[in-house]
Amino acid sequence: MKKTHKTNSKINNTKNMEKYYLNLSNAWAIQKTNDEVGEFIDYDLPFGQFELKNGHIVWIMDPFEVQDETIEKCQKLDFFHETVDFVVQIHDDEVKGLKEVDSFQGTFIDALKYIKTHFKG
């Protein structure tokens, strides 16, 4: 059964809210659901991969647990405060692929906090 996680962020009730997958497998990733490709951006952030397109996050991936210092750095960047819909997925051997286990609406800061709580790399 799919759970819904609520965050403390302000919720933007627009019908066309951007949707992202939050994948918690061997590594964690946040990916725009339409497979949009961004441009690698070199901010001083400790992510394995980080891409933006037109000032919006399209991809973040890292094999390591999220640290408080990372969240603090991200809080200083406007694009981490965009509110979107997240669909949480995990790898499931039974279905031999990804399985949706949770969803929530929040900012990318909320997503990093979710990853910090639920991903143990």
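The values are calculated or read from the model by the stated rules, or taken from the named source; none is laboratory data. If you're wondering where the values come from, they're calculated on a predicted model, not measured in any experiment. When we count neighbours, we look across all protein chains shown, and the Cβ atoms used for this are built from the backbone with ideal geometry, even at glycine. To get the accessible areas, we keep the full protein, side chains included, count just its heavy atoms, and leave off ligands, DNA and RNA. Shrake-Rupley method; radii C 1.70, N 1.55, O 1.52, S 1.80 Å.
Remarks
- As a rough guide to protection, the peptides 20-30, 42-52 ranked by mean Cβ packing within 10 Å, highest first, stand as 20-30, 42-52.
- Debye, to nearest 20: dipole size of the chain, +1 on Lys, Arg Cβ, -1 on Asp, Glu Cβ: 520 debye
- Residue-normalised accessible area of the range 49-121, given per residue in Å² at a 1.4 Å probe: 53 Å²
- Listed pairs LYS32/LYS113; LYS32/LYS99; LYS73/LYS96; LYS53/LYS76 exceeding 25 Å between Cα atoms: LYS73/LYS96
- For the chain, the carbon plus sulfur part of the accessible surface works out to 46%, probe radius 1.4 Å.
- Estimated translational diffusion coefficient (Stokes-Einstein, Kirkwood radius over Cα pairs, 20 °C, 1.002 mPa s) of the chain: 147 µm² per second.
- Solvent-accessible area of THR117, all protein chains in place: 90 Å² (probe radius 1.4 Å, heavy atoms, ligands and nucleic acids excluded).
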